[in-house]
Amino acid sequence: MSTSRPKVLIVDDKAANRLALRKVLSKLECEIIEAGGGNDALALCLDHEFAVLLFDIEMPGMDGYELAELLRGDPKTAQVPLIYLTASYSDETHRKRGYGVGAVEYIQKPVDDYIVRSKVAVFLELYLIRRSLEEELAHSTAISTILRESEARLRHAVSEAPIPIMLHADDGAVILLSRTWSELTGYTQVDIPTTQDWAKRAYGSKAPEKAAYIQSLYDIKGPRNEGEARVTTASGSVRIWDFHSAPVEPLPDGRRLVISMAVDVTERHSAEDALRVSEQKFRNLVETIADMIWETDVAGCFTYVSPRCRDLLDCEPETLLGRPLTSLCRPQDCPRVEGAMASGRVNLDLILQGPGGRQVSTETDIIPTFDAAGTATGYRGTTRDISVRKKVQAELARKTTELERSNSDLEQFAYVASHDLREPLRMVNSFLSLLERRCSDKLDEEEKEYIAFAKEGAVRMDALILDLLEYSRIGRNALPDEPIPLSEPLETALANLALTLEENNAEVTVESELPALCIDSLEFVRLFQNLIGNAIKYRAPDRAPRVDITATKGEGEWEFHFTDNGIGIEPQYFDRIFQIFQRLHTRSETAGTGIGLAVCKRVVGRYRGRIWVESEPGKGSTFCFTIPDSKAA
C-alpha cells in the first residue's frame, strides 16, 4: 500500500490567497501544491495525481471555468473533486456555471476556515478510500478484507465528519449518517433508516415532495447545489440547512449512491433577521426624529439622507444623494467644514441652503466612520434646525444688554441721588440746631419736642441715604485676578466690631479654615460685618452672644454657615428679611435701617451665589450662603 500523502492543488493568481489557503489546510495530512495560473495547473496535472482541486475563478489568461473544462476532458482528472473559491462571482448564474463544469462546491469568499477544511478533509478521506480500494483490490486474496476495512474507514470518515453528511442509496436506504447530523437533528440512523423516513420527520406535510426530489438525485451526473431548506428536528425546533449533493461510486450490488452534505446556517439567518429588525428600528427612529440624519462616503458625498430634509431644506432625500455636504454650505464656510471633517468628530454651527434656495441656521454634529479593519469609510452626522434658538439667543442678548444698561443707569442714579440728597439734609439739620440754640429760651417744651423730632428724622434720613449709597456701590469695583484669603476681610470685620463684641461679651469662632477666592475684599467685609453684627443685635437676653463660622467645599462651590444663639426668626419671615428696608422690629427695639441683609444678598448675588436662613425661634439662626469656587470656574 502506498504511504504517500494525498495531494491538493491550489490554483490562484494571487500569492496572498494561496498562502492563506495553505495555512487553512496545513492541519490536514496532505501535500499542498500551488499554481499561479491555468497553464501551470495543466502542467502539474500531467505530473501529479491530485485528490482535490481548489480553483479561483477570476485569473488572467485562463479563468477557472476554462481550466475546469480542459481538466474534465482528460480521463486522468475528470473525476477529481473540484471546489471553487471566489470573491467576485456570487450570483446564481456563476454558481450554476461552476457546478456545470463539474465543481462539487462553490464557496464565496471570505471563507469559513473550518468549513473549507472540513469539506477538503472529507474528499481527502474519500480519495484515500478509493486509492486504498484500488491498491488492495489488486491483491485478489484479500479482497473481502479490504472491502470491510474500506467500508469501516468510510463509515468512520462520514460518521466523524464535522458537518452533516448522509450517504444514501437509490432504494431509499440510508447507508451512513454522520454524528453531526444526528446531534443537530436528534435523529439517529435507527430513527431514519430510509430517506422516506427522513422526509416525513424533517419536512412534515412536504414529505412527498421532498422524497420525490431526493429520488431524483440518483440521476444527477455531477455535484448539485440544492439550496437552503427548513428542517424540523426531533425536539420540534426548526433549523435551516444549505444542502449540496453529489454522486459517488455505486455499491458492489449495483445500487447508485449519493452523498448529501449540509451546512447549518440557522445562526446566520437568525443574525440576519436580527440585523434586519435592528436596521428597521433604526430607520424608523431616523425617519421620525426631529434631526436630519445623514451619511457620506470618504469624499464627503451623501449616501443616505433621512426624510427630515423635506422640512429642513425643503427638498427630497434623493436630490441630495451623491452631492457633497459642502454644496449646501455658504462659500465662506466650506474650508471650515472640510477642515473639521478631516480632523475627526466636530460640532459646527452652519447656515445651510437647500436646492430650492431656502437658508436655515443649523447645528451639525459630524463623526467619521470606520470598517472592522479600522479603515475610514465615510462620515455620519446629525443636523438640527436652530433658527428659533438663534432668534431667542439674539433677543436674550439684546434684552440682557438693555438690562445691564438699565441697571447701570439705576446704580448711577442711586449713587448720585444718595450723594446729592445728603447736602440738603445736612443743611436742614444745621439750621434746626441753630434755631434750637437761638430760640431755646423762647420755645416751650412742645415746640422743643417738635424740633427734636425733625432733627431725629433728618438723622434717620441721612442714615438711610448712607445705607442706600453703600448698597449702590456693591459690584462697582472690578474683581482681582488672584484669590484673596477670606480670613483677611473677616479679620477686618471683627476689628470694626471689636467694641460691640466687647460690650456684649460676644464670642466669634471659626471652626474650619476659610478658602481663598477671587472676591472684592471690601464687599466681604460688609457681608461678614452685617451677619456678625445682626447676630449680636438680635441676641437672646439670657445668654451671651456666640457666632460659629464654618466653610465646606461642595461641587464647584463653597458653602458658608454663620450660626448664632440669638432669638431666632419665624419661618414666614425667611424671605422678607433679605428685602431692602424691611424690618421685623421697631426702631425703639433695635437700631438700623433694615438694609443690612439686603446688602448681604446683593454681595452674594454678584458672585452668582445663594443666600438663605435656617432658624428656630428662641434657639438661634444659621445664615447660609454659597460662593462658586474660583478654581472650578
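Computed values, structure above
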{"quantity": "Checking residue 297 against (1) of a type in the set (D, E, K, R); (2) closer than 30 Å to residue 162 by Cβ; (3) in contact with a strand residue (DSSP E or B) (Cβ under 6 Å, 6 or more places away or on another chain), the condition it does not meet", "calculated": "(2)"}
{"quantity": "Qualifying residue in region 398-415 (condition: under 32 Å from the mean Cα position of the chain (by Cα) and free of Cβ contacts under 8 Å to residues at least 40 places away in the same chain)", "calculated": "no"}
{"quantity": "Filter result (out of contact with any helix residue (DSSP H, G or I) (no Cβ under 6 Å at 6 or more places or on another chain), at pLDDT 90 or above and of a type in the set (Asp, Glu)) within region 533-567", "calculated": "548, 557, 559"}
{"quantity": "Selection within region 524-582 - in a loop (DSSP other than H, G, I, E, B), surrounded by 14 or more Cβ atoms within 10 Å (Cβ to Cβ) and among the polar types (S, T, N, Q)", "calculated": "565, 582"}
{"quantity": "Single residue of 169, 207 found to be closer than 14 Å to residue 231 by Cβ and either small (Gly, Ala, Ser) or modelled with pLDDT under 90 (or both)", "calculated": "207"}
{"quantity": "Yes/no for residue 120 being at pLDDT 75 or above and either among the aliphatic types (A, V, I, L, M) or outside any helix (DSSP H, G or I) (or both)", "calculated": "yes"}
{"quantity": "Selected residue (only one of 88, 118 is out of contact with any strand residue (DSSP E or B) (no Cβ under 7 Å at 6 or more places or on another chain), of a type in the set (Ser, Thr, Tyr) and open to solvent by less than 60 Å² (accessible area, probe 1.4 Å))", "calculated": "118"}
{"quantity": "Enumeration of residues in region 244-273 that are assigned to a strand (DSSP E or B) and either hydroxyl-bearing (Ser, Thr, Tyr) or out of contact with any Ser or Thr (no Cβ under 6 Å at 6 or more places or on another chain) (or both)", "calculated": "244, 245, 246, 247, 248, 257, 259, 260, 261, 262, 263, 264"}
{"quantity": "Test: residue in region 20-27 that is without any contact (Cβ under 8 Å) to a residue 60 or more places away in the chain, open to solvent by 90 Å² or more (accessible area, probe 1.4 Å) and of a type in the set (Lys, Arg)", "calculated": "yes"}
{"quantity": "Meets criteria (hydroxyl-bearing (Ser, Thr, Tyr) and closer than 18 Å to residue 388 by Cβ) for residue 361", "calculated": "yes"}
{"quantity": "Counted residues, region 492-522 - those being out of contact with any strand residue (DSSP E or B) (no Cβ under 8 Å at 6 or more places or on another chain) and part of a helix (DSSP H, G or I)", "calculated": "10"}
{"quantity": "Options 43, 78: the member that is assigned to a helix (DSSP H, G or I) and either open to solvent by less than 50 Å² (accessible area, probe 1.4 Å) or closer than 27 Å to residue 130 by Cα (or both)", "calculated": "43"}
{"quantity": "Test: residue in region 5-17 that is part of a helix (DSSP H, G or I), touching a residue at least 12 places away in the same chain (Cβ under 8 Å) and farther than 21 Å from residue 70 by Cβ", "calculated": "yes"}
{"quantity": "Residue in region 496-512 that is at pLDDT below 70 and open to solvent by less than 80 Å² (accessible area, probe 1.4 Å) present", "calculated": "no"}
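Residues are listed down the side, and each one gets a yes or a no for (1) over 43 Å from the mean Cα position of the chain (by Cα); (2) surrounded by 18 or more Cβ atoms within 10 Å (Cβ to Cβ); (3) outside any loop (DSSP other than H, G, I, E, B):
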site	(1), (2), (3)
162	no, no, no
166	yes, yes, yes
182	yes, yes, yes
203	yes, yes, yes
209	yes, no, yes
229	no, no, yes
236	no, no, no
240	no, no, yes
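The values are calculated or read from the model by the stated rules, or taken from the named source; none is laboratory data. This one's a predicted model, so the numbers in the text were calculated from it and none came from an experiment. In this analysis, Cβ positions are derived from the backbone assuming ideal geometry, glycine residues included, and neighbour counts consider all displayed protein chains. Ligands, DNA and RNA are stripped out before the accessible areas are found, and what is left, the full protein with its side chains, is counted by its heavy atoms. Shrake-Rupley method; radii C 1.70, N 1.55, O 1.52, S 1.80 Å.
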